[in-house]
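What follows is one structure encoded as structure tokens, with my remarks underneath.
The values are calculated or read from the model by the stated rules, or taken from the named source; none is laboratory data. Computed from a predicted structure; not experimentally measured. Methodologically, a virtual Cβ is constructed for each residue, glycine included, from the backbone with ideal geometry; neighbour enumeration extends over all protein chains shown. For accessibility, only protein heavy atoms count, side chains too; no ligands or nucleic acids. Shrake-Rupley method; radii C 1.70, N 1.55, O 1.52, S 1.80 Å.
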Amino acid sequence: AIESLFGASLTGIAYSLFAGQPLTILGSTGPVLVFEKILFKFCRDYDLSYLSLRTSIGLWTAFLCILLVATDASSLVCYITRFTEEAFAALICIIFIYEALEKLFHLGEVYAFNMHNDLNKLTLYSCVCSEPEKPSNETLHVWRSMNTSVEDIPWSNLTVSECLKFHGVFRGPACGHHGPYIPDVLFWSVILFFATFFLSSFLKQFKTKRYFPTKVRSTISDFAVFLTIVIMVLIDYLIGIPSPKLHVPEKFEPTRKDRGWFIDPLGSNPWWTLLVAAIPALLCTILIFMDQQITAVIINRKEHKLKKGCGYHLDLLMVGVMLGICSLMGLPWFVAATVLSISHVNSLKVESQCSAPGEQPKFLGIREQRVTGLMIFVLMGMSVFMTSVLKFIPMPVLYGVFLYMGVSSLKGIQFFDRIKLFGMPAKHQPDLIYLRYVPLWKVHIFTVIQLTCLVLLWVIKVSAAAVVFPMMVLALVFIRKLMDLCFTKRELSWLDDLMPESKKKKEDDKKIKEKEEAERMLSDNESVHLAYGEASLNFPVKTLKYSIDPSVVNISDEMAKTAQWKALSMSTENAKVTRANL
């Protein structure tokens, strides 16, 4: 926890001051976590120093990121479309949800309970520590190092930690695999976990409720997760059940006692690891580049109405420089976090003031500044000195926050809306814009391809081939390019456009309304009135001859309407000439 807070503060402050797009918030992301877990497993299997090899890879990655900046590689973001973006975002959401549930399930192994209790025999249940029948060589070595023997140890009076220290054995009907059964902790952890998730979701939607003034509701909604954590910590403290807590050092120092704040890139590893580290660094660079630029594309969308420039190159440069510094100091790697960045942008929206009852506020833009991002990471750095408070936070509460972040991020992803269409009859399907212009079977094919890519990403992540995971993320761009052979440009413009569903639907409804209005004006009972002195001439529109060049193919509704009105104007001019002749 100390390394994460300190690293986030260090990287975030530098990024907020010097990056091109300070609205982006950096964090430890799911794909980078996957890479780190793969690397840790590799080092453990081959008896290598993890922190040293990680430092070498981090320095190579920083160099390659700076090289990408120098070669104008950020211009490749034009190939990142909704297909790639949503598959990547969906993977991050699933990682959040899966990791949260996995951690909760792991608590069931650590805090085991008796599933076959007989309530009438509760007074007979006991679990005591006893000496091992056949002590191993390791156990004998531990006893010798403590200058004690099996006869000198008071086995029946030892606590759980002391029994484990002396390599004792737990015996009795109230004993589990790792020690005595713990009856309440697991159930209380499950309550904390789901209560955190549901309370966060409720408070986030509180701004739509009818209670309290608007400012109060908006404040509660903005600080939903923070308020939830505070409430659950207080409840846990009052109940008093010893739930697992966040482990943090008592003072500002590395979590491991055998390391300092700077890591040797070589350490105990062979010299050739400095050179070979360039290979996994290449994979890590691909992951960092995709993670950073996909988030940057989302933040810099046109519908956010940003006035400042994008700064893709400068952002990647700052990420690369700080990644090298964090690697040398043994701190986590930080890159643009999609969920946090979107939340940051949403909190900075500027809307018009509502003057009439029931009037919906209009979106005007985003407050573009560096202050909020800077203060976020300054406060994170200050929290390093609040370890005495952080140690009261129960781990199930944090797991519940992870679940909430994963589930809430699924909203707005068109990919999951299209998955729902598989089990939905046509008459119950919502009025989605792409269903108006793309056949349903083609929508299903597009969804199946995207779902297959997501499943492949997950299978590769959990398999022995996890080392090629970054390459598969990059392959999404090429798979999307191949889909040009299966779908027309018009179909892809509706299915794979980065513009939000709501905005496209609003524009399409506006076009349909304008078309209907034009058709109404050009109906048979309409006529053109031309004044001539005190008299007027009426020309029925149907008698005015106008035409559109049939050679024009794929003419849009807007172009057709414009051509019709131009032809009508020309016919009107001819009518004026006729009137003059008369």
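Return the residues of region 164-207 that are of a type in the set (Ser, Thr, Tyr), open to solvent by 30 Å² or more (accessible area, probe 1.4 Å) and touching a helix residue (DSSP H, G or I) at 6+ places or on another chain (Cβ under 8 Å); say none if nothing qualifies.
Quick first cut of region 164-207, residues of a type in the set (Ser, Thr, Tyr) only: 181, 189, 196, 200-201.
Okay, now just the ones that are also open to solvent by 30 Å² or more (accessible area, probe 1.4 Å), so 181, 201.
Across region 164-207, the qualifying residue is only Ser201.
Hey, can you tell me all the residues within region 210-246 that are farther than 27 Å from Lys349 by Cβ and out of contact with any helix residue (DSSP H, G or I) (no Cβ under 9 Å at 6 or more places or on another chain)? Break it down stepwise before answering.
First, the residues of region 210-246 that are farther than 27 Å from Lys349 by Cβ: 232-246.
Listed by number, the residues that qualify are Leu234, Tyr237, Leu238, Gly240.
Go through (1) in contact (Cβ under 8 Å) with a residue 24 or more places away in the chain; (2) under 24 Å from Phe289 (Cβ atoms) one by one and return the number of the condition Ser463 breaks.
(1)
What do you reckon, is Arg82 over 24 Å from Gly311 (Cβ atoms) and of a type in the set (Lys, Arg)? Steps first, please.
Details: over 24 Å from Gly311 (Cβ atoms): no; of a type in the set (Lys, Arg): yes.
Answer is no for this residue.
Taking Pro430 as meeting all but one of (1) open to solvent by less than 70 Å² (accessible area, probe 1.4 Å); (2) under 25 Å from the mean Cα position of the chain (by Cα), write down the number of the exception.
(2)
Taking region 120-140, which residues are surrounded by 15 or more Cβ atoms within 10 Å (Cβ to Cβ) and outside any loop (DSSP other than H, G, I, E, B)?
Val128, Cys129, Thr139
Is it the case that region 440-450 has a residue that's modelled with pLDDT of 75 or more, under 14 Å from Phe88 (Cβ atoms) and in a helix (DSSP H, G or I)? First the steps, then the outcome.
Taking region 440-450 as the starting set, the residues that turn out to be modelled with pLDDT of 75 or more are 440-450.
Restricting the remaining residues to those that are under 14 Å from Phe88 (Cβ atoms) gives 450.
Then keep just the ones that are in a helix (DSSP H, G or I); that gives 450.
Yes: region 440-450 contains one or more residues that are modelled with pLDDT of 75 or more, under 14 Å from Phe88 (Cβ atoms) and in a helix (DSSP H, G or I).
Quick one: Ile479 ticks every box in (1) in contact with a helix residue (DSSP H, G or I) (Cβ under 8 Å, 6 or more places away or on another chain); (2) modelled with pLDDT of 80 or more; (3) open to solvent by 60 Å² or more (accessible area, probe 1.4 Å) bar one, so which box is it?
(3)
Just one of (1) farther than 30 Å from Val190 by Cα; (2) open to solvent by 70 Å² or more (accessible area, probe 1.4 Å); (3) among the hydrophobic types (A, V, I, L, M, F, W, C); (4) assigned to a loop (DSSP other than H, G, I, E, B) trips up Ile153, so point out which.
Going through (1) farther than 30 Å from Val190 by Cα; (2) open to solvent by 70 Å² or more (accessible area, probe 1.4 Å); (3) among the hydrophobic types (A, V, I, L, M, F, W, C); (4) assigned to a loop (DSSP other than H, G, I, E, B) one by one, Ile153 breaks only (2).
Of the conditions (1) closer than 25 Å to Asp236 by Cα; (2) open to solvent by 90 Å² or more (accessible area, probe 1.4 Å), Ser161 clears all except one; give me its number.
Exception for Ser161: condition (2).
Filter region 95-119 down to the residues that are closer than 17 Å to Met472 by Cα and either open to solvent by 60 Å² or more (accessible area, probe 1.4 Å) or charged (D, E, K, R) (or both) and list them by number. If you could, list the steps in order and put the result at the bottom.
Keep residues of region 95-119 that are closer than 17 Å to Met472 by Cα, which gives 95.
Matches in region 95-119: none.
Please enumerate the residues belonging to region 374-387 that are modelled with pLDDT of 85 or more and open to solvent by less than 80 Å² (accessible area, probe 1.4 Å). Walk me through how you get there before you give the answer.
At the first step, the residues of region 374-387 found to be modelled with pLDDT of 85 or more are 374-379.
Of everything in region 374-387, those that are modelled with pLDDT of 85 or more and open to solvent by less than 80 Å² (accessible area, probe 1.4 Å) turn out to be Leu374, Ile376, Phe377, Val378.
Looking at this structure, is Arg144 touching a residue at least 40 places away in the same chain (Cβ under 8 Å) and not assigned by the TED database to the domain that holds Leu101? Break it down stepwise before answering.
Values: touching a residue at least 40 places away in the same chain (Cβ under 8 Å): no; not assigned by the TED database to the domain that holds Leu101: yes.
Taking the combined requirement at face value, the residue does not satisfy it.
Taking region 275-297 only, how many residues are of a type outside the set (A, V, I, L, M) and open to solvent by 20 Å² or more (accessible area, probe 1.4 Å)?
Taking region 275-297 and keeping what is of a type outside the set (A, V, I, L, M), we get 280, 284-285, 289, 291-293, 295.
Checking the rest, the ones that are also open to solvent by 20 Å² or more (accessible area, probe 1.4 Å) come to 280, 289.
Residues flagged as of a type outside the set (A, V, I, L, M) and open to solvent by 20 Å² or more (accessible area, probe 1.4 Å) within region 275-297 amount to 2.
Would you pick out the residues in region 255-274 that are within 28 Å of the chain's Cα centre (by Cα) and open to solvent by less than 70 Å² (accessible area, probe 1.4 Å)?
Filtering region 255-274 down to residues within 28 Å of the chain's Cα centre (by Cα) leaves 255.
Within region 255-274, none qualify.
Taking region 13-54 as the region of interest, how many residues are part of a loop (DSSP other than H, G, I, E, B), surrounded by 16 or more Cβ atoms within 10 Å (Cβ to Cβ) and over 23 Å from the mean Cα position of the chain (by Cα)?
Looking only at that region, the number is 2.
Which of the residues that make up region 319-353 are open to solvent by 60 Å² or more (accessible area, probe 1.4 Å), out of contact with any helix residue (DSSP H, G or I) (no Cβ under 7 Å at 6 or more places or on another chain) and not in a loop (DSSP other than H, G, I, E, B)?
Ile325, Leu340, Ser343, Asn346, Lys349, Glu351
Within region 401-424, take every residue that is open to solvent by 70 Å² or more (accessible area, probe 1.4 Å) and not in a helix (DSSP H, G or I) and give me the one that is farthest from Thr488 (Cα to Cα).
Of all residues in region 401-424, those open to solvent by 70 Å² or more (accessible area, probe 1.4 Å) come to 402, 411-412, 420, 422-423.
When the remaining residues are screened for being not in a helix (DSSP H, G or I), the result is 411-412.
On the way: Lys411: 28, Gly412: 25 Å.
Only one residue fits best here, namely Lys411.
Name the single residue that is farthest from Phe193 (Cα to Cα) among those in region 388-400 being open to solvent by 10 Å² or more (accessible area, probe 1.4 Å), in contact (Cβ under 8 Å) with a residue 40 or more places away in the chain and assigned to a helix (DSSP H, G or I). It would help to see each step written out before you state the result.
So the first thing to find is which residues in region 388-400 are open to solvent by 10 Å² or more (accessible area, probe 1.4 Å), and the list is 388-393, 395, 398-399.
Checking the rest, the ones that are also in contact (Cβ under 8 Å) with a residue 40 or more places away in the chain come to 388, 390-393, 395, 398-399.
Subsequent filtering for residues that are assigned to a helix (DSSP H, G or I) retains 388, 390, 395, 398-399.
Numbers: Ser388: 23, Leu390: 18, Met395: 9, Leu398: 8, Tyr399: 6 Å.
Of everything passing the filter in region 388-400, Ser388 is farthest from Phe193 (Cα to Cα).
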